[in-house]
1. If you line up the long axis of helix 65-87 against the longest principal axis of the chain, both from Cα atoms, how many degrees apart are they, to the nearest 10?
2. Describe numerically, in nm with one decimal, the distance between label points set 7 Å from Cα along Cα→Cβ at Gln279 and at Ser32.
3. I need to check one value: relative contact order of the chain, counting alpha carbon pairs closer than 8 Å and at least 6 residues apart, in percent.
4. Working from the pairwise distances between different alpha carbons, so that the mean of 1/r is found and then inverted, what is the chain's Kirkwood radius in Å?
5. Indicate the gyration tensor shape class of the range 36-118 (rounded, prolate or oblate), computed on the Cα atoms with a ≥ b ≥ c the square roots of the eigenvalues: a/c under 1.5 is rounded; otherwise a/b larger than b/c is prolate and the rest oblate.
6. Using a probe of 1.4 angstrom, how much of the accessible area of the chain is carbon and sulfur, in percent?
7. Can you give the extra length, in nm with one decimal, that the chain gains between Leu262 and Thr218 once fully stretched, where that is 0.36 nm per residue apart less the Cα-Cα distance?
8. Using a 7 Å offset from Cα along Cα-Cβ at Arg253, what residues in the range 262-293 end up with backbone N under 18 Å from the label point?
Amino acid sequence: MFNKVIDLIGGDLPKVENSLKSVREMPDGHTSELLGYSLGIDGKRIRPALTLLSGKFFTNDLPDLIPMAASVELLHNATLIHDDVIDKSTVRHGRPTVNDIWGENKAIILGDYLFAKAAELCASTGNIRAIQLFSHTLAMMSIGEMNQAFDAFNLKQTREQYLDRICKKTASLFILATESGAILSKAPEQSIKILREYGYNLGMAFQIVDDLLDFLSTEDELGKPVGSDLAQGTLTLPAILILERQSEDGSIRNYFENRGDLDMKRRVLESIRGSSVIQECYDVAAGYCVNACQKLCLLPDSLSYQALTDIADFIVKRNN
């Protein structure tokens, strides 16, 4: 399904790839090696696709969409590299992380470099509003990451705190993708608002499903160890709902008190997998996707409409 979406973008996504390739090709051998490794994965490129599709409601030929889409993807990659350092992750996408191969110091510097290149590409559009949005997004993502770090292994986290955190950490980047596309295509303010709301709701759904997959998928499907969130002391929606409803169930509490106990971790995973909260979380994610799409019909008639609704459908059905 997602391949059909990519087809609608035509030759624009390869232009984004070329922009990313130019970032990888550095004369400095060490930097080039790290960039090639971190940016060399052929991912789905959902976020840059959203930037292109959002802009294409209003134009079919806007050069500024390409650097903005590449900027969004670089920002995404930079945060993943820093996340891996913070979480001391050794595997992502089924292969060793940058920090596992080159060490934490080099990974942090690489992430900083990608943040800088993302800002440079965004600034190349010359659009002050898009540049301000980029800066705001980076600030929100940083706050979300700090909140997660301060709340690690805190069993008193609420559903509202979780939703606020994923809004900042994840949905803000989806908002940047869709809102910047609309801004750069000179969309009317009402249309910019609609695409911003689409990005917010899609990002919330994406993260909720991502958190579910951390419990439901295999390590091969995830490309990293199952239950990584719990191992880092991060309570996500499934665990929060279990704690809300089964206060007498001490499995999560016991695991947090005995960090690293693999048998306790297995019991927590089994209790969540066998509970009704899984379907409830999927229902919450599906609700966000419905909200994402409900106002798209107010935008100009475009192939982007079907593509964005297809992406929302893909989000709740994906398995990695």
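1. Computed tilt is about 20 degrees.
2. For Gln279 paired with Ser32, the spin-label model returns 5.6 nm.
3. 21 percent
4. Kirkwood hydrodynamic radius for the chain: 20.2 Å.
5. Note, shape of the range 36-118 comes out prolate.
6. Details: 7370 of 14290 Å².
Carbon and sulfur: 52 percent of the exposed surface of the chain.
7. 14.3 nm
8. 264-265, 267-269, 271-272
The values are calculated or read from the model by the stated rules, or taken from the named source; none is laboratory data. Keep in mind it's a predicted model, so treat the numbers as computed, not measured. Cβ atoms come from the backbone with ideal geometry, glycine included; neighbour counts cover every protein chain shown. Heavy atoms of the whole protein, side chains included, go into the accessibility calculation; ligands, DNA and RNA do not. Shrake-Rupley method; radii C 1.70, N 1.55, O 1.52, S 1.80 Å.
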